[in-house]
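*Asks:* Let me give you the structure first, and then I'll get to my questions.
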Amino acid sequence: MKVYFAPGSRAVRTVWLLEEIGKTYDLVRFTLGQKEMRGPEYTRINPNGRVPTLVDGDTTITESTAIAQYLGARYAPELIPGPDAANFATYLQWLHYAEGMIMPPINNYVVETILLPPERRNDEIAARSLKLLNRTLGAAEAHMQGREFLAGDFTIADTVTGHAVIVSRRLGADFSQCPNLAAYADRLEARDAFKAADSA
């Protein structure tokens, strides 16, 4: 199994899940923005030139949430509630919340504060993105009241949306009114599998 990876990217989610389920993998390491990510060798594997990409035998997947669903279904079904489980709908909601709600303002904020050269950055867009990010975290904060993980027990949703929560905090989202999310992020960051992925 091979993972195309860059530190600080969504690829951390993939490595985190592989660590959680104890699967061995080989890393092909990039840095974000590295020109080889847009080169012909890699775009033959992932036409978008993004990470992560998972290659498992004859199977190649390039979307981080799809990778998580694949790995869970194939190798760790205990981390995926079945359709008859009481927490199935909750699990689905929070599995997809990261990409639907949290990551779009994160993407805009990162572009305006990190990726663009200073002369092209727009402070107004950055501020608006951070404000929207804080609003999307509010729903997650309310949901986490009295909960340890997003869908009861630890599931692959925690490696996807939980990762987005961790990234939000690291980027400077306002967690002063989010004690539930702060405690949740602390729990996730304390997991050995996350630590391994975070330092990969």
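*Asks:* In contact (Cβ under 8 Å) with a residue 40 or more places away in the chain, part of a helix (DSSP H, G or I) and surrounded by 14 or more Cβ atoms within 10 Å (Cβ to Cβ): does that describe V167?
*Replies:* Yes.
Every residue, every condition in (1) within 20 Å of A68 (Cα to Cα); (2) among the acidic types (D, E); (3) touching a residue at least 12 places away in the same chain (Cβ under 8 Å), yes or no:
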position: A85; (1), (2), (3): yes, no, no
position: G100; (1), (2), (3): yes, no, no
position: E112; (1), (2), (3): no, yes, yes
position: P117; (1), (2), (3): no, no, no
position: L130; (1), (2), (3): no, no, yes
position: D158; (1), (2), (3): yes, yes, yes
position: H163; (1), (2), (3): yes, no, yes
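*Asks:* Then there's this: Given the options G162, G72, name the one that is surrounded by 18 or more Cβ atoms within 10 Å (Cβ to Cβ), assigned by TED's automatic domain parsing to the domain that holds V12 and modelled with pLDDT of 95 or more.
*Replies:* Testing whether each residue is surrounded by 18 or more Cβ atoms within 10 Å (Cβ to Cβ), assigned by TED's automatic domain parsing to the domain that holds V12 and modelled with pLDDT of 95 or more leaves just G72.
*Asks:* Considering only region 41-65, how many residues are in a loop (DSSP other than H, G, I, E, B), of a type in the set (S, T, N, Q) and within 26 Å of A151 (Cβ to Cβ)?
*Replies:* Within region 41-65, residues that are in a loop (DSSP other than H, G, I, E, B), of a type in the set (S, T, N, Q) and within 26 Å of A151 (Cβ to Cβ) number 1.
*Asks:* If you don't mind, another one. So, in region 108-140, exactly how many residues are out of contact with any Pro (no Cβ under 9 Å at 6 or more places or on another chain) and within 21 Å of V165 (Cα to Cα)?
*Replies:* Number of matching residues: 15.
*Asks:* Still on this structure, please answer the following. May I ask you to list the residues in region 74-115 that are of a type in the set (G, A, S) and part of a helix (DSSP H, G or I)?
*Replies:* Correct list: A89, A98, G100.
*Asks:* Could you check region 181-200 and list, in sequence order, the residues that are surrounded by 16 or more Cβ atoms within 10 Å (Cβ to Cβ) and not small (G, A, S)?
*Replies:* The answer is L181, Y184, L188, R191, F194, D198.
*Asks:* Right, another one. Out of all the residues in region 16-46, which are touching a Pro at 6+ places or on another chain (Cβ under 9 Å) and exposed (fewer than 15 other Cβ atoms within 10 Å of the Cβ)?
*Replies:* R29, T31, listed by residue number.
*Asks:* Checking S129 against (1) over 30 Å from Q34 (Cα atoms); (2) surrounded by 16 or more Cβ atoms within 10 Å (Cβ to Cβ), which test does it fail?
*Replies:* Status for S129: all satisfied but (1).
*Asks:* R187 is checked against (1) under 16 Å from the mean Cα position of the chain (by Cα); (2) touching a residue at least 40 places away in the same chain (Cβ under 8 Å); (3) part of a helix (DSSP H, G or I) and fails just one. What number does that condition carry?
*Replies:* (2)
*Asks:* Quickly run through region 3-40 and pick out the residues that are within 18 Å of the chain's Cα centre (by Cα), among the charged types (D, E, K, R) and not in a loop (DSSP other than H, G, I, E, B).
*Replies:* Correct list: R13, E19, E20, R29.
*Asks:* Looking only at region 41-62, how many residues end up being under 13 Å from the mean Cα position of the chain (by Cα) and farther than 29 Å from D192 by Cβ?
*Replies:* Adding up the residues that qualify gives 0.
*Asks:* Looking for whichever is part of a loop (DSSP other than H, G, I, E, B), over 30 Å from R74 (Cβ atoms) and not β-branched (V, I, T) here; the options are G138, G146. Which one fits?
*Replies:* Selected residue: G146, the only one of G138, G146 that is part of a loop (DSSP other than H, G, I, E, B), over 30 Å from R74 (Cβ atoms) and not β-branched (V, I, T).
*Asks:* Further question on the same structure: Out of (1) under 12 Å from the mean Cα position of the chain (by Cα); (2) assigned to a loop (DSSP other than H, G, I, E, B), the odd one out for A68 is which?
*Replies:* If we test A68 against (1) under 12 Å from the mean Cα position of the chain (by Cα); (2) assigned to a loop (DSSP other than H, G, I, E, B), just (2) comes out false.
The values are calculated or read from the model by the stated rules, or taken from the named source; none is laboratory data. Since the model is a prediction, treat every value here as computed from it, not as a measurement. No Cβ is skipped: glycine too gets one built from the backbone with ideal geometry, and neighbour counts run over all protein chains shown.
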